[in-house]
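Read through the structure below, which is laid out as structure tokens, and then see the notes.
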Amino acid sequence: MSTHQEFAGLRALVTGGASGIGLATARLLAARGAAVAVLDRDLGGLPGELAGHTADVTDDASVVRAVEAVGVELGGLDILVNNAGIGAAGTVADNDDAEWHRVLDVNVLGLVRVTRACLPYLRASAHAAIVNTCSIAATAGLPQRALYSASKGAVQALTLAMAADHVREGIRVNCVNPGTADTPWVGRLLSAATDPDGERAALNARQPLGRLVSAEEVAYAICTLASPLASATTGAAVAVDGGMQGLRLRPS
Ligand code: NAD
């Protein structure tokens, strides 16, 4: 099998696929032969060649509707990329209950809702794989990221629990843990700074590689885990952080 068309005949759904890491993943899966559908609450940035379904992962009814439409459109589903997510800054003292519920509802329960809706399709696939977009925040102990870290810690724990629950059904479950990736999300954070260019230079300088990770580099790892060629890999967390964790470095 050619690794370049390794997804030929397979059908994939990418949540949060209209921007950043999700969009790069949808593009790479399609380039490698998959039939791809995107689920996003805002399809504004989606190029015309990708099929999009508007749904908010915090709204179970909209998720169920979108996943059913994707199942009909693609004739089933083999690969689910749970990528939709939002950020949050601050210590435990800085966010009130409403903010905790809001972020966990997207980053944790959103993943649960989409997975629940997709499982009947994945069980019917001969090459079923789920890849969750986690973060180094799950295990790095980053300052000023209590809520976000808790949400991504739950994503990593869920990845392992789901991998255990579904291994005998032939569904593999893995996650990728990006460091700071150069996506519209990070662009928005930087443009809000008083000196965006200086902030970007400082951020680049703090990375072991001397630069941020690209959305395409994260997408490559997601596709590697989703590939039918990775048929014995499940319950894994793959860092795409330029060495931030493995080299035991910390953002200063
Ligand atoms: P992004 O903002 O560019 O893209 C996120 C996409 O998710 C957007 O299209 C957005 O509309 C969609 N989305 C958000 N909330 C949604 C909801 N409730 N329902 C449906 N869609 C929703 O961000 P990105 O940087 O590409 O991040 C993608 C994932 O990568 C997230 O899970 C994020 O936590 C993770 N991540 C990002 C970085 C980084 O530095 N960019 C680092 C580690 C992990």
Of the residues in region 61-93 that are free of Cβ contacts under 8 Å to residues at least 60 places away in the same chain and part of a loop (DSSP other than H, G, I, E, B), the one that is surrounded by the most Cβ atoms within 10 Å (Cβ to Cβ) is Ile86
query: Do we find a residue being assigned to a strand (DSSP E or B), assigned by the TED database to the domain that holds Ala161 and touching a residue at least 60 places away in the same chain (Cβ under 8 Å) anywhere in region 94-115?
result: no
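Could you check how many residues of region 230-252 are modelled with pLDDT of 90 or more and assigned to a loop (DSSP other than H, G, I, E, B)? Can you show your working first?
Initially, region 230-252 is screened for residues modelled with pLDDT of 90 or more, giving 230-244.
Still in the list and also assigned to a loop (DSSP other than H, G, I, E, B): 231-236, 241-244.
Selection size over region 230-252: 10.
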Out of curiosity, is Val186 assigned to a helix (DSSP H, G or I) and not assigned by the TED database to the domain that holds Ala219? yes
Flagged in region 46-60 as surrounded by 15 or more Cβ atoms within 10 Å (Cβ to Cβ), in a loop (DSSP other than H, G, I, E, B) and not hydroxyl-bearing (Ser, Thr, Tyr), in numbering order, are Leu46, Leu50, Ala55, Asp56, Val57, Asp59
Check: Of the residues that make up region 131-143, is at least one surrounded by fewer than 21 Cβ atoms within 10 Å (Cβ to Cβ), in contact (Cβ under 8 Å) with a residue 24 or more places away in the chain and assigned to a helix (DSSP H, G or I)?
Finding: yes
When you scan region 24-31, do you find a residue that is within 13 Å of the ligand (Cβ to nearest atom), among the β-branched types (Val, Ile, Thr) and in contact with a Leu (Cβ under 7 Å, 6 or more places away or on another chain), even just one? no
Restricted to region 34-43 and to residues being without any contact (Cβ under 8 Å) to a residue 40 or more places away in the chain and closer than 14 Å to Val70 by Cβ, the residue farthest from the chain's Cα centre (by Cα) is Ala35
Restricting region 14-33 to residues that are closer than 22 Å to Arg65 by Cα and free of Cβ contacts under 8 Å to residues at least 60 places away in the same chain, the one surrounded by the most Cβ atoms within 10 Å (Cβ to Cβ) turns out to be Ala26
(1) on the phi > 0 side of the Ramachandran plot; (2) among the small types (Gly, Ala, Ser); (3) at pLDDT 95 or above all hold for Ala124 apart from (1)
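The values are calculated or read from the model by the stated rules, or taken from the named source; none is laboratory data. Because the structure is a prediction, the values reported are computed rather than measured. Please note: Cβ atoms are built from the backbone with ideal geometry, for glycine as well, and neighbour counts cover all protein chains shown.
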